[in-house]
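Asks: Okay, here's the structure, questions in a sec.
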Amino acid sequence: MATYTYTPVPDQGAKAGVLAYLVISCVVLLLMMLFGLLMRMEQAQMISIGALWFYKIMTLHGAGMVGIVALAGAAIMWHFLRQYVDLSTGIFMANLILFLTGVVMILASVLLGDFHAAWTFLFPLPTTSMGMWSPGAAALFMGGLLVIGVGFVLLHLDIARAIISRYGGLGRGLGWPQLFGPDDGNAPPPAVVASTMVTIVNLIGLVVGASILVMMLINVYVPTFEIDALLAKGMIYFFGHVFINAVIYMAVIAVYEILPRYTQRPWKSNKVFLASWTASTIMVMFIFPHHLLMDYAYPKWFLIMGHIIGYLNTFPILIVTGYGAMMIVYRSGIRWDMCSRLLFVSLFGWAVGAMPAFIDGTITVNYVMHNTLWVPGHFHTYLLLGMVAMVFGFMYYLGKPNENAPDSALDVAAFWGFVIGTMGFTMSFLYSGKISAARRYAEHLPEWVPYDKIASYFAMLLIASVLVFIFRFLTRLGLASRDYQRASLARSMAT
Amino acid sequence: MQETAWQVSLVLMLMITFGVVFVAINSGKREEEYGPLVKRAYSFRTKLFWAVALVFFPAMIYNLMGLPYSPKAVASSGPAQVINVTGHMWYWEMDRDQVEPNQPVDIRVTSADVNHGFGIYDSDLRLIAQAQAMPGYTNVIHITFPKEGTYRVLCMEYCGVAHHNMMTEIKVGKS
Ligand code: HEM
Ligand SMILES: [Cu+2]
């Protein structure tokens, strides 16, 4: 039965592996943000790097960002999940090594081989370069993605194994006995439910992604091995959509785990919670047609499915996870520090970014907004102010010197700089989308340039704030591995 | 359409902002008993769920009307004027670039090499229609140009280093 009493759990420090993941995430995230700024400034005509460099950087930024947030998300998931199930450190590190190998391959492909077919490697662009890059460069890029994918498959297989051996099956990991039967209060904790969901969808997504990568790799060297462009696009977007969404579902574990420690209120896996995670498991796999709405060649029912699930998908985000966070904070006496602030605002960022996203999934809207800057507008909102905020919140948590340590004014200023910088940056994207500015254009029409300029200034503010976050985390690395109480207790009338 | 999408987004985003700010403002004073608060919050959530559902579902269904996939029934319909378009790296090949206003046009879009996107912009530089140009497939844009004038065509799918230069024009007016 549901009880509303909170049982304190001690805060644990991070294993060396988790810290390695996070330090690498800091470095890559910062570099990729600077790349992002370069792109925006090129569009704003504040600098002039030329189209070739723009598209090379765009390819690196897309692949690099998606990869690195996956790495950071995996660090959060692994850190908390291993407090419930028995995970293999060897596999966790193997994933990191494969990841770095893949990164080197991708960097070489783009920087030395001039590959610039974007991170979505849409068939047949990688193999149709008009002499701009060699088949070897294309193979290296796709091979790099494949190596990274293999690492994540290993990681998820280990997680699946651990959840199955502890709970007796993935269905149990999702709490199905409690969802479909009487709720005996023994459903796995939110961290386990979320990890199960992510593991299921990512394993399927990665297998599909690896299949199309292998097909395209064969096609590089054996052009008579033909691939259907429509099928390839479907597979790529299935993989891409699942993988990037799973990242948020991994990172949100930080919110589930940490906010209760600040508010001394439990975040329970009750029926509504379980239902929403099971629904998300299914929806995240069937929503991908919303990327394909302008390919009329797909069956109509398939595209309409994308439209419908796009609307439905907002319910678990808004009504369950977003609302759940509001409930746990409302009249809780929570003490606001950098960690609790960032985690709280991350749900705002996620929910608020989901609005322009589902609107874009409306077919008649997509007809005039697909592949405009509206699209990077919405996904940068929930990735930056949602996912990335969760990562930095987690870093502040690990590095917090003690329970009552106050934040310096610089950190608080950086928090607001981050929120305002991100919103300004993403709203400029959205506005550019509203005025039909196309995405992935190295050079913008004069009508679009003013908003590119505004966006660049906001991006600078956002990056400056992130510098503070990163600096703070790196100087506190020594603390991050120790076990001690970090979360401040809520202000209580009783004590 | 863009205007509507923008305004609806802003309204929804603002509503979420108000909710979050409301909670943040009311986070300071602790209500010791969580149980009763949860009960109230759940009953409010049920109301919220139905309120959202009652807005979302009709909106979702309503927005399934007038899909671009089949031609709209037009009063003055004669036989549609046809433009055959093939995307190439990095130019558009069209078998005609001039059509009559107020009469249906079918734009049959395909590609000779990689994926492109055929996006039609009106004289205010607003995107009014698009379809993907995919090798091996033909997507048909059904459109009736309401006004005479020159419409710009921009590439809407990344296709390599000159993607942003892949532009052409459609002239709408009496020949
Ligand atoms: C300071 C932060 C950031 C800046 C300034 C930035 C900037 C940009 C710019 C200018 C683009 C190209 C837009 C266009 O199509 O014209 C872009 C695309 C993209 N960004 Fe970011 N970004 C930032 C953070 C992130 C983060 C945190 C992610 C996380 C996953 C991310 C993922 C992507 C992806 C996937 C693309 C699409 C690439 C493509 O179209 O191939 N970005 N970003
Ligand atoms: Cu193009």
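The values are calculated or read from the model by the stated rules, or taken from the named source; none is laboratory data. The model shown is predicted, which means the values in this text are computed figures rather than measured ones. Glycine gets a Cβ as well: all are built from the backbone with ideal geometry, and neighbour counts include every protein chain shown. These accessible areas exclude ligands, DNA and RNA; they are computed on the full protein's heavy atoms, side chains included. Shrake-Rupley method; radii C 1.70, N 1.55, O 1.52, S 1.80 Å.
Asks: In square angstrom, what is the accessible area per residue of segment A:16-480 with a 1.4 angstrom probe?
Replies: 29 Å²
Asks: In segment A:303-406, what percent of the accessible surface is made up of carbon and sulfur (1.4 Å probe, ligands and nucleic acids excluded)?
Replies: Its accessible area is 67 percent carbon and sulfur atoms.
Asks: What is the percent carbon and sulfur in the accessible area of segment A:424-475, measuring with a 1.4 Å probe over the protein chains and ignoring ligands?
Replies: 71 percent
Asks: Distance between the C-alpha centers of segment B:137-166 and segment A:427-465? Whole Å please.
Replies: Centre-to-centre distance over Cα atoms comes out at 22 Å.
Asks: Taking the square root of 5 times each eigenvalue of the Cα gyration tensor, what semi-axes in Å does the equivalent ellipsoid of the protein assembly as shown have, largest first?
Replies: 42, 28, 24
Asks: What is the Cα centroid distance between segment A:467-493 and segment A:65-94, reported in whole angstrom?
Replies: Centre-to-centre (Cα) distance: 20 Å.
Asks: Give the separation of the Cα centroids, segment A:305-379 to segment B:93-116, in Å.
Replies: Cα centroid of segment A:305-379 versus Cα centroid of segment B:93-116: 37 Å apart.
Asks: If you project the alpha carbons of segment A:286-379 onto the principal axes, what extent comes out on each, in Å, largest first?
Replies: Projected onto its principal axes, the Cα set of segment A:286-379 covers 55, 24, 16 Å.
Asks: Where does helix A:50-81 land angle-wise versus the long Cα axis of chain A, in degrees 0 to 90, nearest 10?
Replies: Helix A:50-81 and the main axis of chain A meet at about 20 degrees.
Asks: Here is a follow-up. Quick query: amide H of B:CYS155 versus all other amide H atoms, modeled in the peptide plane; which residues come in under 5 Å with a sequence gap of 5 or more or a different chain?
Replies: HN-HN under 5 Å from B:CYS155: B:MET166.
Asks: Taking just the alpha carbons, could you work out the radius of gyration and Dmax for segment A:360-463, both in angstroms?
Replies: Values for segment A:360-463 (Cα only, Rg and Dmax): 16.9, 53 Å.
Asks: Loop only per DSSP, at most 14 neighbouring Cβ atoms within 10 Å: give me the GluC sites (Glu not before Pro) in segment B:103-175, ordered by residue number. All intermediate terms of the calculation are to be shown ahead of the outcome.
Replies: Working: sites: B:GLU148, B:GLU157, B:GLU169; in loops: B:GLU148, B:GLU157.
Passing sites in segment B:103-175 are B:GLU148.
Asks: Still on this structure, please answer the following. Could you pull out every one of the lysines with an alpha carbon less than 19 Å from that of B:LYS29, ignoring same-chain neighbours closer than 8 positions?
Replies: Correct list for B:LYS29: B:LYS39.
Asks: Let me ask something else about it. In peptide A:302-312, how many Cβ atoms from other protein chains are near each Cβ within 10 Å, on average?
Replies: Mean shielding by partner chains, rounded to a whole number: 2.
Asks: Still on this structure, I have one more. Translational diffusion coefficient, Stokes-Einstein: compute it for segment B:81-172 using the Kirkwood radius over C-alpha pairs as Rh, at 37 °C and 0.692 mPa s, and state it as an integer in µm² s⁻¹.
Replies: Estimated via Stokes-Einstein, D reaches 255 µm²/s.
Asks: Is there a pair in A:LYS56/B:LYS171; A:LYS233/B:LYS72; A:LYS233/A:LYS300; A:LYS15/A:LYS400; A:LYS300/B:LYS174; A:LYS15/A:LYS56 whose C-alpha atoms are over 24 Å apart, and which pairs would that be?
Replies: A:LYS56/B:LYS171; A:LYS233/B:LYS72; A:LYS300/B:LYS174; A:LYS15/A:LYS56
Asks: Nothing charged except the Cβ atoms of Lys and Arg (+1) and of Asp and Glu (-1): what's the magnitude of the dipole of segment B:81-172 about its Cα centre? Round to the nearest 20 debye. Display every interim value, and only then the final one.
Replies: Values: 6 positive and 11 negative charges, 21 e Å.
Roughly 100 debye for segment B:81-172.
Asks: Compute the orientation-averaged projected area for segment B:2-62 from the convex hull of its Cα atoms and round it to one decimal in nm². Before the final figure, lay out the partial values.
Replies: On the way: hull surface 20.8 nm².
In nm², the orientation-averaged hull projection of segment B:2-62 is 5.2.
Asks: How big is the Kirkwood radius of segment A:102-260, worked out from every pair of different alpha carbons and given in Å to one decimal?
Replies: Kirkwood radius, segment A:102-260: 17.5 Å.
Asks: Any idea of the accessible area per residue across segment B:2-62, 1.4 Å probe, to the nearest Å²?
Replies: 63 Å²
Asks: If a/c stays under 1.5 just call it rounded; otherwise compare a/b with b/c (prolate if a/b is bigger, oblate if not). Do that for chain B, with a ≥ b ≥ c from the square roots of the Cα gyration tensor eigenvalues.
Replies: prolate
Asks: Now for a different question. Please check: in the Gaussian network model of chain B (C-alpha springs, under 10 Å), which one of B:MET94, B:MET156, B:MET65 has the largest mean-square fluctuation.
Replies: B:MET65
Asks: Here is a follow-up. Within 10 Å, at most 14 other Cβ atoms, and a DSSP state outside H, G, I, E, B define an exposed site. Report the longest part of chain B free of exposed trypsin sites (Lys or Arg not before Pro).
Replies: Segment B:97-146 is the longest.
Asks: Based on Cα positions only, what radius of gyration and what Dmax would you give for segment A:321-368, in angstroms?
Replies: Reported Rg and Dmax, both Å: 15.1, 47.
Asks: A further question follows. For the interface of B with A, what's the total buried accessible surface in square angstrom, probe 1.4 angstrom, rounded to the nearest hundred?
Replies: 8100 Å²
Asks: I've got another one for you. If you count only protein heavy atoms with a 1.4 Å probe, what accessible area per residue comes out for segment B:89-135, rounded to a whole Å²?
Replies: 34 Å²
Asks: Across peptide A:355-365, how many C-beta atoms of other chains are within 10 Å of each residue C-beta, on average?
Replies: Numbers: counts 9, 7, 1, 4, 8, 2, 2, 8, 6, 10, 7.
That average works out to 6.
Asks: A further question on this structure: Gaussian network model of chain B, Cα springs within a sub-10 Å range: biggest mean-square fluctuation belongs to which of B:HIS164, B:HIS142, B:HIS116?
Replies: B:HIS164
Asks: Run the reach check for A:LYS434 against lysines, Cα to Cα strictly under 24 Å, same-chain hits fewer than 8 apart removed. What comes back?
Replies: A:LYS453, B:LYS147
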